[in-house]
Amino acid sequence: MNTEKAAKISWNPNGIHTLAKLQIDAQKYRDCLIGWGDSVINMPEKIDFLEADTITELCDWLQVEEETAEMLRQTAARILSEPNLKAYVWHMYYRLKALSLSTGCSHASFANWPLPEFSLGKYAQTVPALVMLGGLKLARQKYREERYEESIIKDTLRIYGADLDRKRRANGVPTILLNSLNWVRVYMAARLVELGRFNYKLMEDFKAGVVLKNRRTGTKQMLAPDGAKYNSAGFMLQENDPLAEGGWVSEYSENAGYYYGNPVSPKGFALKEVRRYAKEEWEKILEPGDILIDMHIPAGGGMTPERCLDSFRKAVEFFTEKYEGKFKPVFICHSWIFNTQLEEKLPESNLAKLMQQCYLFPASSYGQDGVFFLFGQVTVNPADAPRDTSVRRAVLEILESGQRLRSGGMLLFAEDLEHFGTAFYRRTCG
């Protein structure tokens, strides 16, 4: 019998059998088998993203170092030689790219997926990197179909190449964190674009509340969303926290003549007192559901005021040209980056300088916000965590003091970029 044909016959397409061959507990990891049937029946004989030529071309395009590329090619060759490995890695890729599955599978995180360590040893860590490359190839194709400039596509995706090299130098193998793999879907839909220091996409927002603008002076005032819970300092209650003494619930309403709500200071906290704003003096310029420019901050330093302003200007120009009339020219970001605790700890930092130019507002958080981004794990022990950057040191000092970390949000109106660098909102608002 032909050897290749015999290998096909000996492989059992049942997902439970496949996990068993890979020494993975199918009961413990049953969720990762959702959609297995769709995946297997759509698995091609030749899996392009695992082919050496494809890996080489993508790595060259992403400017990946040759040592990193060679590790990826060697692991891919090993995967292609073993039917169970091949099926499992294809399934991970299929779950990443499939818009829908017959089982109703949603785009859940890959955070709890097992890696085939029995078969690949430490090189199992390269599996999500290979799957990511497959996703990035689809992303590149999608950006090209959407007629993005090639230079913008490269700027947007190259961060992954640099990250693979960085992880290989630090850990011995190129990898990405499993729970960040699902973020590749944003690129596969050509939704995110890098323009200077920051990344951006358009999105509707339902969390920031309402923003009013004074018809005479142009002053802006944010009002907290109706029904949000705050502690006595005006920050949103964190997950599972009770409404303790001094805490309060925000209110928002309007009638023919007035807006009523809890003002939000541009320094990032809400005020307990409900205030009234006459409609003849104030107009509503932002409300839940509006489509805004959503900003994301890639890893790396150099976030100087000059680079920030340059990026904001590029984003306004880009989205206005591509989607004029379909969004409001306002930047928004929800992130651990805009934690007011960090401004207090690092008052002279580029981060603090950026926060001072934005209209900050409270956001939901869970107490460990930013830990995973900074340390690569969900929780951290301050006693033995690395303190090699100012932000890491600040976060660890906050935790050591007994405080919980927060997230925050920011707004920045394109019409106010001319005042960037003057702490405009803090001088004129709230």
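Computed from the coordinates by the stated procedures, all read-outs in this text should not be read as laboratory data. Keep in mind it's a predicted model, so treat the numbers as computed, not measured. Neighbour counts are summed over all protein chains in view; Cβ atoms, including those assigned to glycine, are modelled from backbone coordinates with ideal geometry.
List of remarks:
- Sequence-distant contacts, meaning Cα pairs under 8 Å at least 6 residues apart, place the relative contact order of the chain at 13 percent.
- Qualifying GluC sites (Glu not before Pro) in the stretch 232-330, where qualification requires a DSSP coil assignment and no more than 11 other C-beta atoms within 10 Å, comprise E239, E245, E273, E280, E324.
- Inter-label distance for E117 and E400, nm, one decimal - labels placed 7 Å from Cα along Cα-to-Cβ: 3.2 nm
- The stretch 286-366, relative contact order [Cα under 8 Å, separation at least 6], %: 40 percent
- Cross-link table K213/K267; K21/K122; K229/K345, entries beyond 21 Å C-alpha to C-alpha: K229/K345
- Among the GluC sites (Glu not before Pro) found in the stretch 342-430, those both in a DSSP coil and sparsely packed, with 11 or fewer other Cβ atoms within 10 Å of their Cβ, are E348.
- Taking 13 Å as the straight-line reach from the Cα of K86, the aspartates and glutamates in range (excluding those fewer than 8 positions away in the same chain) are E45, D48, E51.
- Per-pair calculated FRET efficiency, R0 = 51 Å: E280 and I16 via Cβ, rounded to 0.05: 0.15
- Angle in degrees between helix 83-97 and the longest Cα principal axis of the chain, rounded to the nearest 10: 20 degrees
- Computed over the chain, the per-residue total of -39500 (n - 2.57) for DSSP H runs of n ≥ 4 gives a 222 nm mean residue ellipticity of -11500 deg cm²/dmol, rounded to 500.
- Here the stretch 279-366 is treated as a sphere whose radius is the Kirkwood value from Cα pairs; by Stokes-Einstein at 37 °C and 0.692 mPa s it diffuses with a coefficient of 219 µm²/s.
- Spread of Cα-to-Cα distances over 10 Å intervals beginning at zero, given as percent, for the stretch 292-430: 11, 40, 32, 14, 3, 0
- A straight chain from D310 to R427 at 0.36 nm per residue would run longer than the Cα-Cα distance by 39.9 nm.
- Remark: for residue pairs K46/K137; K46/K142; K284/K328; K284/K314, the C-alpha separation exceeds 19 Å in K46/K142; K284/K314.
- q = 0.15, 0.17 Å⁻¹: log10 I(q)/I(0) that the Debye formula gives for the stretch 96-197, counting C-alpha atoms only: -0.68, -0.84
- Approximating the spin labels as points 7 Å out from Cα along Cα→Cβ, the F206-to-A299 distance works out to 3.2 nm.
- Counted over the chain, the DSSP beta bridges are approximately 95% antiparallel.
- Counting neighbouring beta carbons within 10 Å and listing from fewest to most, the residues V380, V395, V64 come out as V380, V64, V395.
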